[in-house]
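Asks: My questions will all concern the structure given below.
The values are calculated or read from the model by the stated rules, or taken from the named source; none is laboratory data. As the structure is a prediction and not an experimental result, all values here were calculated from the model. For neighbour counting, all protein chains shown are included, and Cβ atoms are generated from backbone atoms with ideal geometry for every residue, glycine included.
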Amino acid sequence: MAERRLIRIDPVTRIEGHAKITIQLNAEGVVESARFHVSEYRGFERFCEGRSYTEMAAITARICGICPVSHMLAAASTGDKLLAVQIPPAAEKLRRLMNLAQIIQSHALSFFHLSSPDFLLGWDCDPQRRNIFGLIAANPDLARSGIRLRQFGQGVIEALGGRKIHAAWAVPGGVRSPLLAATRDQIRSGLSEAYAVVEQGLAVFKHLLDTQLTEELEVFGTFPSLFIALVGEGNRWEHSSGSSCRGLRVMNSDGCVLADGLSENDYGTFLAEAVQPWSYLKFPYYRPLGPDGGSYRVGPLARLNLCEQIGSARADQELLELRQRGGRVVKASFLYHLARLVEILASLEQMEELLHDPEITATHVRARAEVNCLEAVGVSEAPRGTLLHHYRVDENGVIEKVNLIIATGQNNAAMNRTVTQIARHYLCAERLDEALLNRVEAGIRCFDPCLSCSTHAAGAMPLHVQLLNADGALVQELSRG
Amino acid sequence: MTAAAAQPLLIGIGNVLRADDGAGYRLAEQLLEPQPQGWEVLACHQLTPELASAVAQASRVLFVDACMKVATDGRRYGLHPLQAATSTSGRNAISHGLQPEQLLSLSQQLYGHCPPASLLLLPGHCWGHSDQLSAETTQALAEALPIVERWKQGDA
């Protein structure tokens with residue numbers, strides 16, 4: 001009789017951060033289970049303690065080189081609440097503008113740099129060529145377009161904040177500097193090329209979905225789950241907290257709204273976190289349904305599932321097509337890729353609208369106050385999903401406690417379910433090769449996880465250690481938590 | 001892109017939180033004040049594919065980076081001519097941190113133009129956590145400025 005066998009994919013490539021996947025085959029050679037293990041640990045929640053709340057935007061931005069804008073905006077939003085101020089209208093619009101730029105650059109990175117090599121070069125392409133450089137060699141026109149789209153998003157971030165990465169610009173009370181008219185015009189001048197690129201990406205990817213990627217739609221993480229995201233007025237697509245935001249919405253795969261208008265302030269009443277001993281990444285769930293029934297997805301697909309409309313013409317047309325392809329509530333995680341392209345288009349349209357708003361160049365961009373509240377929760381939609389920052393401070397504004405709920409963590413249960421579904425569909429003891437294992441990795445890439453952002457909690461970290469002898473037999477086993 | 005509009009480009013590379021590793025970045029920062037005239041200067045943490053368009057539009061490119069006494073590829077301090085890499089794929093293909101030769105290759109592949117390029121290596125001594133250059137590298141940076149000026153004038 002065959003023995004049980006463990007397959008390891010280590011590291012998982014073309015994601016942000018460090019992780020591995022293990023696939024357990026049973027004695028019959030059939031996939032029994034698959035797990036996505038996050039093997040890095042950051043600990044920001046602990047070492048922010050003792051710092052001033054005014055530093056949090058700069059410190060938490062350092063969690064990541066891809067998502068610094070998201071943390072900066074969530075931290076600034078939390079800081080607004082500690083001051084108990086309403087930020088000036090221009091500051092709110094400028095923060096929205098920067099978040100749109102962040103969505104554009106991050107989604108362009110995910111689609112063009114990290115994931116499209118799989119679709120365009122093939123699952124069985126030589127792994128040494130299956131990357132952005134292989135794409136450049138095979139399709140320089142599309143690769144150049146993708147690189148320039150990301151460059152456009154980064155350019156807007158730099159124009160607003162002075163730096164592409166780790167700009168110290170959003171602060172409690174607003175932003176540090178207004179937008180100059182000349183900079184506004186410079187950003188506007190780049191929009192037409194950016195539109196052309198995303199239209200090109202949409203055409204290429206939709207053609208692939210129609211012709212070559214039909215099985216992936218069924219197998220790459222297609223299952224019912226809950227979805228959570230912010231929504232705006234009229235249940236429009238939303239990406240930022242602020243005056244147009246109606247709060248968080250929870251929907252199931254049948255389109256039933258379980259909760260609406262939830263405030264981030266109360267997140268502890270509707271979100272809870274489970275832990276597993278084999279990963280540093282926690283497993284948040286929707287508390288009313290418990291760990292099993294309450295797993296949910298966040299990010300571009302969730303935002304598009306939860307909104308009734310985007311609110312701009314071209315993106316709404318693409319949303320309609322997405323729903324024709326995947327249903328009113330899209331369950332196929334593979335369509336996260338298409339959702340990213342739709343969100344890039346939405347971001348460009350909303351950016352254009354903001355740049356035509358006369359208030360965008362107003363010079364009053366910061367409200368000033370001292371600490372007026374000792375506890376606050378801020379929220380923002382990061383490219384990968386809903387991001388919550390929760391701070392408690394003393395009367396001098398010194399941080400006493402931090403909790404960060406990161407988008408990637410909220411997709412953890414869905415990512416594990418996805419790798420299991422793919423592994424069970426493609427793999428068995430007689431059918432194991434690199435191209436098939438790459439499909440398992442690609443299931444993770446649907447979610448575009450950022451693991452650098454996601455592993456912070458200290459003190460409650462479960463641990464499971466197994467000591468094996470040279471023959472692989474278990475000698476000793478220790479567990480904590 | 002027109003040849004008449006093309007200007008020399010200097011790209012200073014480095015991590016300014018890793019002491020002397022930030023020498024190239026610091027040198028570029030010095031050259032950015034006052035605003036450069038007649039050439040372009042970029043200070044970069046690392047080389048990424050987005051820089052290929054700036055390289056392709058330049059008449060000549062000078063990369064400035066720090067290195068240990070003898071770099072891993074055998075090069076020593078000073079000015080070295082560069083050629084575009086023959087391939088950007090393979091095990092060293094990391095879009096977070098390209099080598100100058102790979103960026104030149106991308107410039108050729110994506111934009112059909114790869115300008116003449118050189119690499120100026122500055123000596124580094126300290127590589128730990130610090131936002132300050134060592135005294136030796138500070139001195140080397142000052143001594144590099146005339147070399148950069150000659151390169152800018154087309155004499156190096």
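Asks: State whether one or more residues within region A:261-269 are surrounded by fewer than 18 Cβ atoms within 10 Å (Cβ to Cβ), under 22 Å from A:Glu308 (Cα atoms) and touching a residue at least 12 places away in the same chain (Cβ under 8 Å).
Replies: Filtering region A:261-269 down to residues surrounded by fewer than 18 Cβ atoms within 10 Å (Cβ to Cβ) leaves A:261, A:263, A:265-266, A:268-269.
Next cut, under 22 Å from A:Glu308 (Cα atoms) only: A:261, A:263.
Applying the additional criterion that residues be touching a residue at least 12 places away in the same chain (Cβ under 8 Å) yields A:261, A:263.
Yes, the conditions are met somewhere in region A:261-269.
Asks: So B:Met68 fits all but one of (1) at pLDDT below 90; (2) within 13 Å of another protein chain (Cβ to nearest Cβ); what number is the exception?
Replies: Unmet condition: (2).
Asks: Oh, and also: Could you say which residue among A:Ser106, A:Ser110, A:Ser115 is within 14 Å of another protein chain (Cβ to nearest Cβ), part of a helix (DSSP H, G or I), under 30 Å from A:Glu359 (Cα atoms) and not charged (D, E, K, R)?
Replies: Numbers: A:Ser110 fails: under 30 Å from A:Glu359 (Cα atoms); A:Ser115 fails: under 30 Å from A:Glu359 (Cα atoms).
Matching residue, one of A:Ser106, A:Ser110, A:Ser115: A:Ser106.
Asks: If you don't mind, another one. Looking only at region A:45-57, count every residue that is of a type in the set (Gly, Ala, Ser) and part of a loop (DSSP other than H, G, I, E, B) and tell me the total. Working first, answer last.
Replies: Filtering region A:45-57 for residues of a type in the set (Gly, Ala, Ser) gives A:50, A:52, A:57.
Of the ones still in play, those that are also part of a loop (DSSP other than H, G, I, E, B) are A:50.
Qualifying residue count, region A:45-57: 1.
Asks: Hey, among the residues in region A:325-364 that are among the small types (Gly, Ala, Ser) and in contact (Cβ under 8 Å) with a residue 24 or more places away in the chain, which one's farthest from A:Arg384 (Cα to Cα)? Step through it out loud before you land on a result.
Replies: Initially, region A:325-364 is screened for residues among the small types (Gly, Ala, Ser), giving A:326-327, A:332-333, A:339, A:346-347, A:362.
Those still in the list that are in contact (Cβ under 8 Å) with a residue 24 or more places away in the chain too: A:326, A:332-333, A:339, A:346-347, A:362.
On the way: A:Gly326: 20, A:Ala332: 16, A:Ser333: 13, A:Ala339: 11, A:Ala346: 15, A:Ser347: 14, A:Ala362: 31 Å.
Looking at residues that are among the small types (Gly, Ala, Ser) and in contact (Cβ under 8 Å) with a residue 24 or more places away in the chain, I get A:Ala362.
Asks: Any residue in region B:29-55 that is at the interface with chain A (Cβ under 9 Å from one of its Cβ atoms) and over 15 Å from B:Ala5 (Cβ atoms) sitting within a Cβ distance under 7 Å of a residue that is basic (Lys, Arg) and in a helix (DSSP H, G or I)? List the pairs, counting only those 6 or more apart or interchain.
Replies: That search, which allows pairs on different chains as well, returns B:Glu50/A:Arg150.
Asks: Pairs, please: C-beta under 8 Å, at least 6 apart or cross-chain, first residue part of a helix (DSSP H, G or I) and in region A:437-449, second at pLDDT below 90 and of a type in the set (Ser, Thr, Tyr)?
Replies: Listed pairs, sorted by first residue: A:Arg439/A:Tyr426; A:Val440/A:Tyr426; A:Glu441/A:Thr13.
A quick yes/no check of all residues on (1) at pLDDT below 95; (2) in contact with a Phe, Trp or Tyr (Cβ under 7 Å, 6 or more places away or on another chain); (3) buried (at least 21 other Cβ atoms within 10 Å of the Cβ):
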residue	(1), (2), (3)
B:Gln35	yes, no, no
B:Val55	no, no, yes
B:Arg60	no, no, no
B:Thr72	yes, no, no
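Table: residues versus (1) in contact with a strand residue (DSSP E or B) (Cβ under 8 Å, 6 or more places away or on another chain); (2) closer than 30 Å to A:Phe283 by Cβ; (3) of a type outside the set (Gly, Ala, Ser).
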residue: A:Ala346; (1), (2), (3): yes, yes, no
residue: A:Glu349; (1), (2), (3): no, no, yes
residue: A:Glu352; (1), (2), (3): no, no, yes
residue: A:Asn372; (1), (2), (3): no, no, yes
residue: A:Leu388; (1), (2), (3): yes, yes, yes
residue: A:Tyr391; (1), (2), (3): yes, yes, yes
residue: A:Asp394; (1), (2), (3): yes, no, yes
residue: A:Glu400; (1), (2), (3): yes, yes, yes
residue: A:Ile406; (1), (2), (3): yes, yes, yes
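Asks: If A:Pro127 passes every condition in (1) farther than 30 Å from A:Ala75 by Cβ; (2) part of a loop (DSSP other than H, G, I, E, B); (3) more than 10 Å from chain B (Cβ to nearest Cβ); (4) not charged (D, E, K, R) but one, which one does it miss?
Replies: Result: A:Pro127 fails condition (3) only.
Asks: I'd like to check something: does region B:19-26 contain any residue that is surrounded by 19 or more Cβ atoms within 10 Å (Cβ to Cβ), more than 16 Å from B:Gln132 (Cα to Cα) and without any contact (Cβ under 8 Å) to a residue 40 or more places away in the chain? Let's see the steps before the verdict.
Replies: Taking region B:19-26 first, the residues surrounded by 19 or more Cβ atoms within 10 Å (Cβ to Cβ) are B:19-26.
From what's left, more than 16 Å from B:Gln132 (Cα to Cα): none.
The answer is no; no qualifying residue exists.
Asks: While we're on this one: Give the residue that is farthest from the other protein chains (Cβ to nearest Cβ), with candidates limited to residues of region A:58-89 that are part of a loop (DSSP other than H, G, I, E, B) and more than 19 Å from A:Ser177 (Cα to Cα).
Replies: To start, the set of residues in region A:58-89 that are part of a loop (DSSP other than H, G, I, E, B) comprises A:62-67, A:84-88.
Retained after the next criterion (residues that are more than 19 Å from A:Ser177 (Cα to Cα)): A:62-67, A:84.
Numbers: A:Arg62: 10, A:Ile63: 15, A:Cys64: 12, A:Gly65: 8, A:Ile66: 10, A:Cys67: 14, A:Ala84: 35 Å.
Across region A:58-89, the extreme among qualifying residues is A:Ala84.
Asks: Which ones in region A:224-256 are exposed (fewer than 15 other Cβ atoms within 10 Å of the Cβ) and farther than 30 Å from A:Leu97 by Cβ?
Replies: A:Pro224, A:Asp254, A:Gly255, A:Cys256
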